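To start, the structure under review is shown below, and the notes come after it.
The values are calculated or read from the model by the stated rules, or taken from the named source; none is laboratory data. What you are looking at is a predicted structure, and each value in this text was computed from that prediction instead of being measured. Cβ placement follows ideal geometry from the backbone for every residue including glycine, while neighbour counts extend to all protein chains displayed.
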Amino acid sequence: MPLLEVHGLCVNYGHIEAIRDISFTVEQGTITTLIGANGAGKTTTLKTISGLRTVRAGTIIFDGKDITNLPPYERVKLGLSQSPEGRGVFPGMTVRENLDMGAFVRKDTKTPAYQEDLERVYALFPRLEERAKQVAGTMSGGEQQMVAMGRALMARPKLVLLDEPSMGLAPKLIAQIFSIIDEIKAQGTTVLLVEQNAAQALKRADSAHILETGEIVRSGTGTELAADGSVKAAYLGGDV
Amino acid sequence: MRRSTKRYLRQGGLYAVLAAVVIFLAVSVDWGNVHRNFWTPGLGDNWHDLILTGVKNTAIYTVISFALGLALALLLALMKLSDVLVYRWIATVYIELFRGLPALITILFMAFAVPIAFQWHAPGGTAGAGVIGLVMVAGAYMAETLRAGLQAVPKGQTEAARSLGMSPVATHVHVIIPQAFRIIIPPLTNEFVLLIKDTSLLSIVGAAVGQRELTNVSRDFLSSGSTAGTGTSLAQAALLYLIITLPLTRLVAWLEKRQQRAR
């Protein structure tokens, strides 16, 4: 059984259809990626899965449960958390306070389970342990991205939604972020990744979907799509 | 004529006008009269009451009105941003009503009309009732400031908090309201200064001797004590108000500058 099933999802902004009849599945323990141009509906799809957008039609099944109409915090409790686009760290809080907000639904910052999660996040992002007391708003873009990802992992999710983690970062940092994504998968957390950096995303994706103007136009494994001529031309900047 | 020469002439003209006005005032004003009426000998007797009663009560009334007004304002601002249409209406009507009325009318209503109509005894007597009037007005003004602050927090912050599992209430308490307050500290400090000055309106409601604020105490000295019959006590009160408000307005300017740099 897939961890996440999306069936015929439609979301509107007013009268404008943001996404139209989107269906895909995310298997346990894999990396699934949604790629596409700006405005294709990638972020809307993620926000709908985490409950920030109202569904017009379609269903979302997570871990065997219909979550289509659950409020976001119920979804987090079920094991679904998101690292938002543009990072969305809480700028006035320290790194540590941001991470605590990620564990918000568990309300148990004193327990061993919390300590374990904190240590896991610090192991993934040693930088965050060094900077635990720094105010997040004063950090560099790459560090803020780490805070956002670490914060999402503090909810101990089964599925983590990563919205453009490489946006606006230097190439060296992008490589680092992607190797951390590999590590997250290796530790058993399923990843749904939205990216504009198609080359990096396809390289490690077990399955990939291409969005264009709100619809899925191609699906396949990451390597399949990376090798595909038209995908190369449109998203990877290569010659046909 | 060259442009620089023109500029020198124009500036010289302005200085000449200024010098003429200063000389005219210095010669024509009866300085002895000013001194007799606004800074008479014997003003030393007033300071004790002006500061220990007047300034003290002004400070108490300001702090109470600000604290309660801020709580009211937060409630109104959240209502104004509510999904529930009726809450938005109530908040809008309240804010427009009390911003549209002169503060003095509201204070008089609360101090005299409402207690008589409803046999109501406000805590602290007439002065307390007047303070409640001031709270109602301050709440309406600060509600608009708070609403602007709440709306200035980026939408992504709400979404980030929601997607981490916070309820709408928790999102406001932990994420939105703290950031909104940081944004509105300068305008809020400004409201505080306005409120210090507005407490002088309470002098109209007539309070027991120990409850009088600065303007009221200085009015008493217009007809009693060693400076009676002169404006000296008013000048003293004015000086005391400035000693309190000027540093605060400088603080507002500094806070605004710092915030602009942080952006």
Item to complete: Go over the candidates A:Leu169, A:Leu80 one by one and state the one that is more than 12 Å from the chain's Cα centre (by Cα) and under 24 Å from A:Ile210 (Cβ atoms).
Response: A:Leu169
Worksheet item: Which condition number in (1) away from every other protein chain (no Cβ under 13 Å); (2) of a type in the set (A, V, I, L, M); (3) touching a strand residue (DSSP E or B) at 6+ places or on another chain (Cβ under 6 Å) is the one that A:Ala37 fails?
Response: (3)
Fill in: Residues that are within 7 Å of chain A (Cβ to nearest Cβ) and either touching a residue at least 40 places away in the same chain (Cβ under 8 Å) or surrounded by fewer than 18 Cβ atoms within 10 Å (Cβ to Cβ) (or both), drawn from the range B:156-169
B:Gly156, B:Ser167
Item to complete: Determine, yes or no, whether A:Arg106 is out of contact with any strand residue (DSSP E or B) (no Cβ under 8 Å at 6 or more places or on another chain), more than 9 Å from every other protein chain (Cβ to nearest Cβ), of a type outside the set (Asp, Glu) and surrounded by fewer than 24 Cβ atoms within 10 Å (Cβ to Cβ).
Response: no
Discussion item. Among the residues of the range A:185-240, what is the count of those that are of a type in the set (S, T, N, Q), under 26 Å from A:Phe62 (Cβ atoms) and either without any contact (Cβ under 8 Å) to a residue 24 or more places away in the chain or part of a strand (DSSP E or B) (or both)?
Written reply: 4
Item to complete: Taking only the range B:32-46 into account, find how many residues are over 13 Å from B:Ser233 (Cα atoms) and surrounded by 10 or more Cβ atoms within 10 Å (Cβ to Cβ).
Response: 1
Worksheet entry | Residue that is nearest to B:Arg182 (Cα to Cα) [pool: residues in the range A:76-100 that are more than 8 Å from chain B (Cβ to nearest Cβ) and not aliphatic (A, V, I, L, M)] | A:Thr94
Worksheet entry | Residues of the range A:56-67 classified as surrounded by 15 or more Cβ atoms within 10 Å (Cβ to Cβ) and over 18 Å from the mean Cα position of the chain (by Cα), total | 2
Worksheet entry | Residue satisfying condition, being more than 14 Å from chain B (Cβ to nearest Cβ) and of a type in the set (Val, Ile, Thr), within set A:Thr48, A:Thr54, A:Thr59 | A:Thr59
Worksheet entry | Segments classed as strands (runs of 3 or more DSSP E), wholly inside the range A:14-131, with at least 1 members that are in the same structural domain as A:Glu164 (by TED's automatic domain parsing), modelled with pLDDT of 90 or more and among the basic types (Lys, Arg) | A:16-26
